[in-house]
Amino acid sequence: MEVLQFSGGVDSLACLELLKNKPGLVVLTASTDGAYPEREDYLKKVAAYHPHLIFQECYRDRHLEMYGRPVDVVPIKFTTIGHLFGLNPIKYQPYFECCNRSLWYPMEVATRQLGAKVVYRGQRGEDALKGPINDGHVENGITYRFPIQDWSRERVMEFVNSRCKDLVPPYYGKEQTSRDCWDCTAYLHENIARIRNLPPEKYKEVAEALDEWRRDINDETRW
């Protein structure tokens, strides 16, 4: 059993194009309650282009009201730990905890339940944030393969535009990452363009949340 963990971005799309003729390949993706409204239609479109492959989606509610919004810098007194020592509301969590709880862990559980022996990911060596393993790593009987590990973003874009242009998300070029959760308030080093491209009401909600976060950081670090 071989699984492609598919985010919906161009890197995983390039992997799908490379692997689409593998018999029995399962394309596994994860979505949350913060998914863009158009994500479902996009995933259906990708699946329709590959009727011979098996597509599976796992879904998880992020429970932001319980854990707080994901942010890059965490004002501790507004987290679940800080809440134990005072009366401050829970507002924030480290972004990797949110992603792990809502996306990465559910996908890993689904991968193991499928009995995968080989897992493909669109991780590239030049990614600013990436896992600590390389192509060919073996863990718990699963071999992890990164088919485009040595590719540049330019090579990825050239490849997908030449091989599967109709499936390239239209926002690429202005934005550089896949659209996972529209209301994400983390990864600001690469997320600013995505936030600015939100519809007005959604942009207003995220912008106000970020303003509140900045005020809370200033309050926490005042001395």
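The values are calculated or read from the model by the stated rules, or taken from the named source; none is laboratory data. A quick note: this is a predicted structure, and the numbers were derived from the prediction, not measured. Methodologically, a virtual Cβ is constructed for each residue, glycine included, from the backbone with ideal geometry; neighbour enumeration extends over all protein chains shown.
For residues that are aliphatic (A, V, I, L, M) and within 30 Å of VAL26 (Cβ to Cβ), scanning just region 49-92, find the one that is nearest to the chain's Cα centre (by Cα).
If we filter region 49-92 for residues that are aliphatic (A, V, I, L, M), which is where we start, we get 53-54, 64, 66, 71, 73-74, 76, 81, 84, 87, 90.
Then keep just the ones that are within 30 Å of VAL26 (Cβ to Cβ); that gives 53-54, 64.
On the way: LEU53: 22, ILE54: 21, LEU64: 16 Å.
Residue satisfying both the conditions and the ranking: LEU64.
Would you point out the residue of region 200-212, among those that are surrounded by 11 or more Cβ atoms within 10 Å (Cβ to Cβ) and charged (D, E, K, R), that is nearest to the chain's Cα centre (by Cα)?
Result: LYS202.
Here are some residues: SER12, SER31. Which one is part of a helix (DSSP H, G or I), surrounded by 18 or more Cβ atoms within 10 Å (Cβ to Cβ) and in contact (Cβ under 8 Å) with a residue 12 or more places away in the chain?
Values: SER31 fails: part of a helix (DSSP H, G or I).
From the options SER12, SER31, the qualifying one is SER12.
Is it the case that ALA193 is touching a strand residue (DSSP E or B) at 6+ places or on another chain (Cβ under 6 Å) and surrounded by fewer than 16 Cβ atoms within 10 Å (Cβ to Cβ)?
Values: touching a strand residue (DSSP E or B) at 6+ places or on another chain (Cβ under 6 Å): yes; surrounded by fewer than 16 Cβ atoms within 10 Å (Cβ to Cβ): yes.
Spelling it out, ALA193 is indeed touching a strand residue (DSSP E or B) at 6+ places or on another chain (Cβ under 6 Å) and surrounded by fewer than 16 Cβ atoms within 10 Å (Cβ to Cβ).
Here's the yes/no breakdown for (1) at pLDDT 95 or above; (2) more than 14 Å from TRP182 (Cα to Cα); (3) in contact with a Pro (Cβ under 6 Å, 6 or more places away or on another chain):
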{"site": "TYR36", "(1), (2), (3)": "yes, no, no"}
{"site": "ASP41", "(1), (2), (3)": "yes, yes, no"}
{"site": "VAL46", "(1), (2), (3)": "yes, yes, no"}
{"site": "HIS50", "(1), (2), (3)": "yes, yes, no"}
{"site": "PRO75", "(1), (2), (3)": "no, yes, no"}
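I'm trying to understand the selection: among the residues of region 55-65, which are more than 12 Å from GLN5 (Cα to Cα) and either at pLDDT 95 or above or surrounded by 15 or more Cβ atoms within 10 Å (Cβ to Cβ) (or both)? Walk me through it before giving the result.
Within region 55-65, the subset more than 12 Å from GLN5 (Cα to Cα) is 59-65.
Those that are more than 12 Å from GLN5 (Cα to Cα) and either at pLDDT 95 or above or surrounded by 15 or more Cβ atoms within 10 Å (Cβ to Cβ) (or both): TYR59, ARG60, ASP61, ARG62, HIS63, LEU64.
Within the bounds of region 82-91, is there any residue that is modelled with pLDDT of 95 or more, surrounded by 17 or more Cβ atoms within 10 Å (Cβ to Cβ) and farther than 20 Å from GLY122 by Cα?
no
Evaluate region 134-155: report whether one residue or more is farther than 19 Å from SER178 by Cα, crowded, with 18+ Cβ neighbours inside 10 Å and free of Cβ contacts under 8 Å to residues at least 24 places away in the same chain.
no
With within 20 Å of the chain's Cα centre (by Cα), closer than 28 Å to GLU208 by Cβ, in contact (Cβ under 8 Å) with a residue 60 or more places away in the chain and buried (at least 19 other Cβ atoms within 10 Å of the Cβ) as the only criterion, which of TYR95, TYR120 stands out?
Details: TYR120 fails: closer than 28 Å to GLU208 by Cβ.
Just a single option satisfies the conditions, and that option is TYR95.
Please state which of the following conditions ASN197 fails to meet, knowing it meets all the rest: (1) under 20 Å from the mean Cα position of the chain (by Cα); (2) under 20 Å from SER12 (Cα atoms).
For ASN197, the failing item is (2).
Among the residues in region 160-173, are any in a loop (DSSP other than H, G, I, E, B) and in contact with a Ser or Thr (Cβ under 7 Å, 6 or more places away or on another chain)? Spell out the reasoning first.
In the first step, residues of region 160-173 are kept if they are in a loop (DSSP other than H, G, I, E, B); the result is 164, 168-171, 173.
Filter again for in contact with a Ser or Thr (Cβ under 7 Å, 6 or more places away or on another chain), leaving none.
Taking every residue of region 160-173 in turn, none turns out to be in a loop (DSSP other than H, G, I, E, B) and in contact with a Ser or Thr (Cβ under 7 Å, 6 or more places away or on another chain).
With respect to ARG69, is the statement that it is farther than 21 Å from GLY173 by Cα and in contact (Cβ under 8 Å) with a residue 40 or more places away in the chain true? Give the steps one after another, and end with the answer.
On the way: farther than 21 Å from GLY173 by Cα: yes; in contact (Cβ under 8 Å) with a residue 40 or more places away in the chain: yes.
Yes: the conditions hold for ARG69.
How many residues does region 194-220 hold that are in a helix (DSSP H, G or I), polar (S, T, N, Q) and touching a residue at least 12 places away in the same chain (Cβ under 8 Å)?
The initial filter retains those residues of region 194-220 that are in a helix (DSSP H, G or I), namely 194-196, 200-220.
Those left that are additionally polar (S, T, N, Q): 218.
With the extra rule that they be touching a residue at least 12 places away in the same chain (Cβ under 8 Å), the set shrinks to none.
Residues in region 194-220 being in a helix (DSSP H, G or I), polar (S, T, N, Q) and touching a residue at least 12 places away in the same chain (Cβ under 8 Å): 0 in total.
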